[in-house]
Amino acid sequence: MTGGTRRRPRAARRSTVAAIALMVGGAGLIAVNTYASASETNETNQSGTTRLAAGAAGSTVDCPEVADSLPELSEKALAGVSDELAAMDTQVTDAYQRLTRMGTAPGAGEKVKGEVLDPLEKSRAESIGRITDSIGKSTGERPSGLDDLAACEVRTAPGGTTGNGSGDTGADGKDSGDKGSGDQGTGGDGGTPPAAGGENGNGPEATDFVDIRTVRPNVNRAPEARSGASRGSFSVDCGVNENKNYNTDNVIVAPGVTNGAHHTHDYVGNQDVNAFSNNDTFAAAGTSCDKKGDKSSYYWPVMRVQDGTQEFDQNNDGGGKEGNVGKILTAKQAEIKYVGSPTSKVVGMPKFLRIITGDAKAFTNGTANANAHFSCTGFEDKVQLTDKYPICPKGSDVVRSFAFQSCWDGQNTDSANHRSHVAFADANGNCAGGFKAIPQLTMRLVYSVPTPVIANGQVKNAYAVDGFPEQLHKPINDHDDFISVMDQNLMNQVVDCLNKGRNCGAGTPPENGNGAGKGDDDGGKGNGESDDKGGQGDNDDKGDNGDNGDNGKGDTGNGGATEAPAKGGTPNGQDEAKGSGGSGDEAVKSGGTAGADAPRTESTVASKAQRAQSGANPGTSASPSAVSRPEGGEDQEPAGSVNPAPQAEGSQGSLAETGSQLWPAAAGALMLCAGLVVLLRSRRHTARR
């Protein structure tokens, strides 16, 4: 043997090899995780539509609403102004789509400003200039202050951290009725928006859903009827859009503009409604309503389930190209009913009266004009949601309901902002400021919706109503549109029926004081009593009296015609009979009261009748909010193995979700450190020898 040669001990060699293997493996895991994260910024979904960049997925473009600041205009001036307003909607949509292609790398705020906000402000300023010129020519006086509405900002959806922007904190971004960014903030440099969720990356997200069984009752009682009230109701049956009459126009807000809505509408009633329709074409059109004297147009955004289905509009404007994706659901029921006033007689609606209820841009505009209502069959008289989509228990269907403005200025069929010619009654049911009570239109849409599944802060199989892409499919944006095209004879019948306290129209049996309503599960029997006489209760009782879990049996319920609801209350006449049941989950299934072991969420849904709105100017209020408040016992899991995430303020996703995304990098870092430790220990051991 050569005396100068020493071989390292076998154990030391093994330790060195193990250390190197750990270090190489750890570095590999870190690299793979980094590559995967980078790849997500331009992920393509199954339908072939490019999703939002991960860095921008929780952000949206927020612009002041110009239409709300316009003076009253002549019909000629309004046409030109409407064109510019529609163009501004397109400008915002285009800016939002540019935003979604950007990430949040250092300096992204400057890039957003230069490539999104500055060009948007310039194009809006040009449109506002043309609006100002048009109004000046029409009225002889140029409006002031419109120029200040050109600038927009980027907002981060709730749950993201705020960048350079700021705003007063209020309820869901509102403080004393003024629109502020609040929790939502305005994303600037360093802002980290959460993933917006949804099949196309622009919502809805997990926190937009809530198990309805966890929500405390929040429905306010309608004002008590006074002497001289119009207590009747008049129902019309116009179908559920079985013939699939769709388009993405909005003839009220954007006449003459193709794709003026940027989302798809269901149409029932008048069968010739598009961007280029007018009063003459409305009058000449056919109708899907059972009463052929009703050529009114009733239309609303479609509801979709985001299940990967490629609909007919997957590659169209207003459809997949603007983030409205998935299978369009047709309502199983579309109940349309006119009700009276709790304080006075009503006068007929003028022909061609236009009314919009709700706000398609409430997420960015604030909740002053929001009027969305979601519930589940069997829960409607207890819970109405405005800023959440309900997850309904097994055997219960999703319900969208609308109660339109019931006061009219007595002169105009439309207005510049499409709102000021009609108004809601005040908290006592009175029309203020010289407005007249008209038949209040109420609508109830019932859907069979596959149950969304929420896990790790993400929602799968989500459903949502269509909307402008920058509104992120929030439920608060739900809205409904109406153009009255009844012939005078039928309108007279409606007024007479309401003022005499009778229940008339589609599905209403003879007023013999007794009758049976049809339950959803072919179960419940509803005995109705009219307020004035022992007549049949309003036929809308037919929807929910039969709900009783899986077996379709329902207990007898009493449901008479109720007074017109305040905005925010339960639509007229939807008094569900409560089934009998035990405690906890079984009681909920049968329509009874949940036991103490069911988690509950307190949701504040203030009736807008209590917000005392006067004439042309709707009042403001804090946005509804829901805060999870479990009450003892273990959480009860909804039917279909759904366990929605708590709706905590300012949070989105979860630690579990974060861990599932970062574990490869974390494991790699641990392996790398372990390798270094083993290598150092091996070298020291060798040195001591």
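Annotations
- Average projected area [Cα convex hull, region 433-499], square nanometres: 8.7
- Contact order, relative form, for region 304-343: 40 percent (alpha carbon pairs under 8 Å, 6 or more residues apart, mean separation divided by residue count).
- The modelled label-to-label distance between Asp133 and Asp307, using points 7 Å beyond Cα along the C-beta direction, is 5.2 nm.
- Size-normalised alpha-carbon gyration radius of region 282-337, reference 2.2 N^0.38 Å: 1.47
- Across region 392-494, C-alpha contacts under 8 Å between residues 6 or more apart give a mean separation that, scaled by the residue count, equals a relative contact order of 25 percent.
- Packing around the peptides 310-320, 329-339, taken as the average count of other Cβ atoms within 10 Å per residue, puts them in this order, highest first: 329-339, 310-320.
- Extent along the principal axes, Cα only, for region 380-481: 53, 32, 20 Å, with the longest axis given first.
- Point-to-point label distance, Asn279-Glu141, nm (Cα→Cβ direction, 7 Å offset): 2.7
- Here the Karplus curve 6.51 cos²θ - 1.76 cosθ + 1.60, taken at θ = phi - 60°, turns the phi angles of region 437-443 into couplings of 6, 10, x, 8, 7, 10, 9 Hz, with x standing for Gly and Pro.
- Stretchable slack from Ala151 to Asn456, in nm (0.36 nm times residue separation minus alpha-carbon distance): 106.1 nm
- Projected label distance in nm at Asn412 and Asp94, using a 7 Å step from Cα toward the beta-carbon: 3.0
- Nonlocal amide H pairs with Lys394, under 5 Å, H built at 1.01 Å: Ala639
- For Asp266, the residues whose modelled amide H falls within less than 5 Å of its own, excluding neighbours fewer than 5 places apart on the same chain, are Trp300, Val302.
- Accessible area per residue in Å² at 1.4 Å probe, computed on region 369-479: 23
- In this structure the amide hydrogen of Ile252, modeled in the peptide plane, comes within under 5 Å of no amide hydrogen from residues 5 or more places off or on another chain.
- Each of the peptides 491-500, 291-300, 139-148 was scored by the mean count of other Cβ atoms within 10 Å over its residues; in descending order, highest first, they stand as 291-300, 491-500, 139-148.
- Within the shell of other residues whose beta carbon sits under 12 angstrom from the beta carbon of Ala87, the net charge comes to -3, with Lys and Arg scored +1 and Asp and Glu -1.
- With 10 Å bins from 0: P(r) over region 236-355, alpha-carbon pairs, percent: 13, 39, 33, 13, 3, 0
- Value of relative contact order over region 294-417, rounded to a whole percent, pairs C-alpha under 8 Å and six or more apart: 18
- Largest-first principal axis extents, alpha carbons of region 195-243, Å: 54, 38, 18
- Sites Val347 and Lys76, calculated FRET efficiency, Cβ-Cβ separation with R0 35 Å, nearest 0.05: 0.80
- Environment charge of Ile135, counting only residues whose C-beta is closer than 15 Å and scoring Lys/Arg +1, Asp/Glu -1: -4
The values are calculated or read from the model by the stated rules, or taken from the named source; none is laboratory data. Source: prediction; values computed, not measured. Please note: Cβ atoms are built from the backbone with ideal geometry, for glycine as well, and neighbour counts cover all protein chains shown. The protein model used for the area step is the full one, side chains on, heavy atoms only, and it has no ligands, DNA or RNA in it. Shrake-Rupley method; radii C 1.70, N 1.55, O 1.52, S 1.80 Å.
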